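A short worksheet on the structure shown next.
The values are calculated or read from the model by the stated rules, or taken from the named source; none is laboratory data. What you see is a predicted model; the values in this text were computed from it and never measured. Note that each Cβ is placed from the backbone with ideal geometry, even for glycine, and that neighbours are counted across all protein chains shown. All accessible areas refer to the heavy atoms of the entire protein, side chains included, with ligands and DNA or RNA removed. Shrake-Rupley method; radii C 1.70, N 1.55, O 1.52, S 1.80 Å.
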Amino acid sequence: MAKRKKDNSKIFITLSFAVLGFLVFCYVFQVSQMAQASYEIGQKQTRLETSRKEVAGLEASLLQNNTLEKYEQKLNEMGYQKIDRIDYVVVSSAVVASRR
Amino acid sequence: MVFFLLILFGSGILARLIDLQIVKGSFYKALAQGQQSVLSQTAPKRGDIYFKNGETLAATKEEPFLRVCVQDIENIEETAAAISQIIGEEKEEVFNTISGAEGFYKTIKENLSKEEIEAIESLEIKGVEIAWQNKRLYPNLNTGSQIAGFLNKDGEGQYGLEEYFNSSLTGQEKFENKKVNPWGFLFSGSGDSSSQENGLYLTVDYNIQFEAEKILKEGVEKYGAKAGEIIAAEPTTGKIIAMAQYPNFDPNKYGEEEMENFSNKSVQTTFEPGSIFKPITIAVALNEGRITPETVFHDSLGYRQIGGYKVYNFSQKIWGERKMYESLQYSINVGVMDAEDLVGNNIFYDYFANKFKFNEKTGVELAGEISSQNRELKKSLDNNIQVSFATASFGQGVEMTPLQIVRAFCGLANGGQMPEKMTIIEKKVAGGKEEQNDGQKFRQVISKKTSEELAKMMVNVVENGYGHLARIPGYYIAGKTGTAQMSYASLGQDKAGYSTTDTWQSFMGFAPAYSPRFVILVKLDNPANTLTSEYSAVPMFHDLARYILNYWQIAPDYDPDLATTSQKIY
């Protein structure tokens, strides 16, 4: 009877240590995962910040290049001519379609 | 024994858990929340300003700049040599900037290119770094500079919209809770920046503004003028579609510019309009039923004798027997003096001050708008001094801002309905919410019939009078020339009277005359190469009006091929 009681205690202690070990493992695993995730977040935030600054720089550059003065210079270089007059087609109000 | 110890240990843990979770639960919860989040104070980005169709007039952007931490630099000479090669400046200059620096940091160069940034970062010199700063950017340089104003070094808006809307563009600082992980990394994605957005959308059309500034610059240079302004507005809404001024300035480099160019002369200076005022006098006389376009007047002397004064026509020309429509066609002073005389000073002044509101600001959303009180005219009314009203009838001796006379002409063109307020704001964005500007009110200053008769008389000026260079085949254009003598006071001289050589030359017109879409004022200050506005402001008006007619694709009033010469109106 006493031996059986001793065996039960051993099992109980073993199981307790096993559970404790499992919990410690889970904790270490979780901490490791968190550390990894945090590192990745940090890396991504740095990349995000770099990209944001690059975008800001590109936006500023785009704004400065997207002006009529620059377009006009470019058009002149390409030899475009300014139109002097626009002719509108006059359609009589009574006519819906006509043959030409 | 072991079992007992385990029970004891378990009970201890349970007791501790009860203490942590229940007894002191709320305390630890608050403590944890404090560790997991930080209260972040964010100053909102200054609101951007856009033209009508979304092109940027002013924006706040982060820009890189090169700075050195003076105390961290080990060898200034070597550092200066390395930096100077990259940024293309003299080594001595960079050396002097670093060695003469006071304080911790010294900025070496702003507006760095991508290549410069990469090259500097690859140097890896201690104390040399790329930093970022918010900078107000005006990408169109001088275009619309007097509308925008600028942001000074202290972040305060100066002149124009930047000053008028300084507080709403600045916005309010915001506090928000941001989450951090156990290692202290901030989750930057949690902020909601859209709710902080501020901005302005203007009624000004970028294309028309650009064209107006180009025409004005060429005109000022060609006619040898000291300065000039062009205003274009929609008479049916009171919205400003262009407000050009030359000389102007680059708001990005306001520190290097002439201070006198900062003010917006369209709203911050007054002038004597001269003959472009004549249609107002004629409109008053028509509206009061004292004249018709066919009413005859007699000019046998080339001047009118008023008390001890002789008030002359331009170049003292004698016109003989003429009709009222010719007083505009040939800009005859005697004709409009007669019209004013028929109306009487009391009624004329009532229109001037109370209906057209020439003594009151237009209410446009630009900093520093002024208005003349025209006290001399009021004094003349009280003391019955007729000569002041005789000269006022053709726009001398009365002062107004260019925008005030544009508002009056909006009324003349828009069936007699004058906008109470001129506006340059289409919509405002405050804290992410849009506020549309649609609160325009109108005042009936003259009848619709008078407006139509006047438009016809002004079309006659363009078809057969001094405004002939404003003619655009296919369209009826209404207009009036103006050449006013400049007072010595306006020339900055401390004496009474008028210069015999210095003039304001202007042209005021609207198109299409019988269904107006826009009103344009062209004004040149003291052109040296032309005697009258007929050959200066009028062709400039023509160029801008033609551009807008084409740009807005406004259909012609008649087939231009059928009327290649001027048309008979009367």
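Rounded to the nearest whole Å², what accessible area per residue is found for chain B with the 1.4 Å probe?
Working: 25940 Å² over 570 residues.
Result: 46 Å² of accessible area for each residue.
Put B:E74, B:E89 in order of accessible area, largest first, 1.4 Å probe: what do you get? Walk me through the numbers on the way to the answer.
Working: B:E74 160, B:E89 60 Å².
From most exposed to least exposed: B:E74, B:E89.
Treating cross-link reach as a plain straight distance, find the aspartates and glutamates whose alpha-carbon is under 16 Å from the alpha-carbon of B:K24, omitting any fewer than eight places away in the same chain.
Once the sequence-local aspartates and glutamates are set aside, nothing remains near B:K24.
Straight distance only, please: which lysines reach the Cα of B:K378 with their own Cα at less than 18 Å, same-chain residues fewer than 8 apart left out?
Answer for B:K378, where 18 Å is the Cα cut-off: B:K355, B:K357, B:K361, listed by chain and number.
Report, by chain and number, residues whose modeled amide H sits under 5 Å from the one on B:S372, excluding near sequence neighbours (fewer than 5 apart, same chain).
Answer set, sorted by chain and number: B:T401.
Among the residues of region A:47-65, which ones have their accessible area go down by 50 Å² or more when all the protein chains sit together, as opposed to their chain alone (1.4 Å probe)?
Checking the loss per residue gives A:K53, A:L63, A:Q64.
Return the lysines within reach of B:K317: Cα separation strictly under 21 angstrom, same-chain partners fewer than 8 residues apart disregarded; answer none if there are no such residues.
Reachable lysines: B:K278, B:K480.
Do any residues of region B:24-66 show a loss of at least 30 square angstrom of accessible area between the isolated chain and the full protein assembly, using a 1.4 Å probe, and if so which?
With the partner chains in place, region B:24-66 has these residues losing at least 30 Å²: B:K61, B:E62.
If I take R0 = 56 Å and measure r between the Cβ atoms of A:E72 and A:A37 in this structure, what FRET efficiency does the formula 1/(1 + (r/R0)^6) give, to the nearest 0.05? Intermediate results must be reported in sequence, preceding the final value.
Values: r = 53 Å, r/R0 = 0.94.
That pair, A:E72 with A:A37, gives E of 0.60.
Per residue, how much accessible surface does chain A expose to a 1.4 Å probe? Answer in Å², no decimals. Mind showing how you got there, number by number?
On the way: 9220 Å² over 100 residues.
Value for chain A: 92 Å² per residue.
Per DSSP H run of n ≥ 4, the term is -39500 (n - 2.57); total these for chain A, divide by its residue number, and report the mean residue ellipticity at 222 nm rounded to 500 deg cm²/dmol. Intermediate values should be presented prior to the final figure.
Working: 2 runs with 74 residues, N = 100.
The per-residue figure over chain A is -27000 deg cm²/dmol.
Can you give me the long-range amide H partners of B:I241? Hydrogens built in the peptide plane at 1.01 Å from N, cutoff under 5 Å, separation of 5 or more residues or another chain.
It is B:A232, B:A233, B:E234, by chain and number.
Sorted by accessible area with a 1.4 angstrom probe, largest first, how do B:W132, B:W319 fall? Could you put the intermediate results ahead of the total?
On the way: B:W132 70, B:W319 30 Å².
Ranked list, largest accessible area first: B:W132, B:W319.
Can you give the helix-only mean residue ellipticity at 222 nm for chain B, where every DSSP H stretch with n ≥ 4 adds -39500 (n - 2.57) and the sum goes over all residues, rounded to the nearest 500 deg cm²/dmol?
Working: 19 runs with 186 residues, N = 570.
Rounded to the nearest 500, it is -9500 deg cm²/dmol.
Cα-Cα over 19 Å: which of B:K45/B:K253; B:K45/B:K174; B:K239/B:K456; B:K323/B:K568; A:K53/B:K135; A:K53/B:K179?
Details: B:K45/B:K253 21 Å; B:K45/B:K174 11 Å; B:K239/B:K456 24 Å; B:K323/B:K568 15 Å; A:K53/B:K135 13 Å; A:K53/B:K179 23 Å.
Exceeds cut-off: B:K45/B:K253; B:K239/B:K456; A:K53/B:K179.
Mind listing the long-range amide H neighbours of B:K135? Cut-off is under 5 Å, sequence gap 5 or more, other chains count too, H placed in the peptide plane at 1.01 Å from N.
For B:K135, the qualifying residues are B:K61, B:E62, B:E63.
Calculate one ³J(HN,Hα) per residue across region B:265-276 by plugging θ = phi - 60° into the Karplus curve 6.51 cos²θ - 1.76 cosθ + 1.60, and present them in order as whole Hz with x for glycine and proline.
5, 5, 10, 10, 9, 10, 8, 8, x, x, 5, 5
So which residue, out of A:L48, A:L63, A:L15, gets the largest mean-square fluctuation from a GNM of chain A using Cα contacts under 10 Å as springs?
The residue that fluctuates most here is A:L15.
Using only alpha-carbon positions, what ratio does the radius of gyration of the protein assembly as shown give when scaled by 2.2 N^0.38 Å?
On the way: Rg = 36.7 Å, N = 670, 2.2 N^0.38 = 26.1 Å.
Taking N as the residue count of the protein assembly as shown, the ratio is 1.41.
Would you list A:M78, B:M508 from the most to the least accessible area, probe 1.4 Å? Show your work: numbers first, answer last.
Values: A:M78 115, B:M508 0 Å².
Result, largest first: A:M78, B:M508.
Could you derive backbone 3J(HN,Hα) for region B:98-114 from the dihedral phi with the Karplus parameters 6.51, -1.76 and 1.60 (θ = phi - 60°), listing whole Hz in sequence and x where the residue is Gly or Pro?
Here the 3J(HN,Hα) series is 6, 5, x, 6, 10, x, 7, 10, 9, 6, 9, 8, 9, 6, 7, 7, 4 Hz.
How big is the B-A contact in terms of buried accessible area, both chains counted, 1.4 Å probe, rounded to the nearest 100 Å²? Let's see the in-between values first.
Numbers: alone 27210 and 10590 Å², together 35160 Å².
Buried surface at the B/A interface: approximately 2600 Å².
Using a probe of 1.4 angstrom, how much of the accessible area of the protein assembly as shown is carbon and sulfur, in percent? Provide the component values of the computation, followed by the final result.
Values: 18480 of 35160 Å².
Here carbon and sulfur together make up 53 percent of the probe-accessible area.
Calculate one ³J(HN,Hα) per residue across region A:30-37 by plugging θ = phi - 60° into the Karplus curve 6.51 cos²θ - 1.76 cosθ + 1.60, and present them in order as whole Hz with x for glycine and proline.
5, 4, 4, 4, 5, 4, 5, 4
Measure nothing fancy, just the Cα-based angle from helix B:76-87's long axis to the longest principal axis of chain B, in degrees from 0 to 90, nearest 10.
50
From the gyration tensor of the Cα coordinates in chain B, what semi-axes in whole Å does the equivalent ellipsoid have, largest first, with each one equal to sqrt(5λ)? If you can, show how the numbers build up before the last one.
Values: eigenvalues 817, 176, 91 Å².
With the √(5λ) rule applied to chain B, the semi-axes are 64, 30, 21 Å.
What figure, in Å² to the nearest 10, do you get for the accessible area of A:D7 with a 1.4 Å probe and non-protein molecules left out?
Accessible area of A:D7: about 70 Å².
Run the 1.4 Å probe and let me know the accessible area of B:H298, rounded to the nearest 10 Å².
Accessible surface of B:H298 is approximately 120 Å².
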